[in-house]
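Worksheet: the structure to be examined is printed underneath.
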Ligand code: ADE
């Protein structure tokens, strides 16, 4: 089986690439910013695709456009059996989240900032992409599950918060629904592993929390991703 992680930031992916001893894939996306690493774990293959850097700012490409392109390239190149959107995210302390908690997505991922107030387009804007059923895995690995909600901003204006609360979103991030959309086009099962860097309903500014907690959140992300791969390879879908 081939499991492919789609990860936005180099800092989120580096220790996972190291722990799996993956090799860089040359000619993965020539001329484009995306990078890939891959390697065998026994008879199974693990790959990590990272969005790469913006050419003008030399910063990690975050958000849905890059995630869409990465996922399409990853599926075309690797033909994986499972896609995992992994990374960091915000969550609600009012719903019991703590910094460094790792969530699995269930039952769906959605967009929270695609507002189109026309019947039909309103629902399409939100998306509601079903994800792989992680309930047994979450119980076994003692992980929280929740609706993952995607938008292209780190902050949370009132209108986004109202949408997220109405949808029952637990995890707020910037890529998952784009990854889920492309995976659904190719009929590849997907789910998310998201580690909490910031509490979106706390008094502290989100960007400050994100920067101070990134290292800790990535440590728990890596640890959980290793366990998730171990679980999937034993309980193959
Ligand atoms: N990534 C990490 N924290 C986030 C937040 N609060 N919103 C969107 N993306 C995030």
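Any read-out appearing in this document is the output of simple, stated calculations on the displayed coordinates, not a laboratory observation. On a predicted model such as this, the values are computed, not experimentally measured, just so you know. Note that we place each Cβ from the backbone using ideal geometry, even for glycine, and neighbour counts take in every protein chain shown.
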Exactly one condition in (1) within 16 Å of the ligand (Cβ to nearest atom); (2) more than 23 Å from residue 130 (Cβ to Cβ); (3) part of a helix (DSSP H, G or I) is false for residue 67; which is it? (2)
Criterion: more than 13 Å from the ligand (Cβ to nearest atom) and touching a helix residue (DSSP H, G or I) at 6+ places or on another chain (Cβ under 6 Å) - qualifying residue of 229, 179, 134: 179
Has segment 20-35 got any residue that is on the phi < 0 side of the Ramachandran plot, touching a residue at least 24 places away in the same chain (Cβ under 8 Å) and in a strand (DSSP E or B)? no
Take the conditions at positive phi and more than 14 Å from the ligand (Cβ to nearest atom) and apply them to residue 125. Does it pass? no
For segment 144-160, which residues satisfy the criterion of being within 11 Å of the ligand (Cβ to nearest atom) and outside any strand (DSSP E or B)? 151, 152, 153, 154, 155, 156, 160
When you go through 124, 137 one by one, which is the residue that is in a helix (DSSP H, G or I) and more than 30 Å from residue 44 (Cα to Cα)? 124
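Residues are listed down the side, and each one gets a yes or a no for (1) closer than 25 Å to residue 218 by Cβ; (2) within 15 Å of the chain's Cα centre (by Cα); (3) crowded, with 18+ Cβ neighbours inside 10 Å:
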{"site": "81", "(1), (2), (3)": "no, no, no"}
{"site": "105", "(1), (2), (3)": "yes, yes, yes"}
{"site": "110", "(1), (2), (3)": "yes, yes, yes"}
{"site": "117", "(1), (2), (3)": "no, no, no"}
{"site": "120", "(1), (2), (3)": "no, no, no"}
{"site": "142", "(1), (2), (3)": "yes, no, no"}
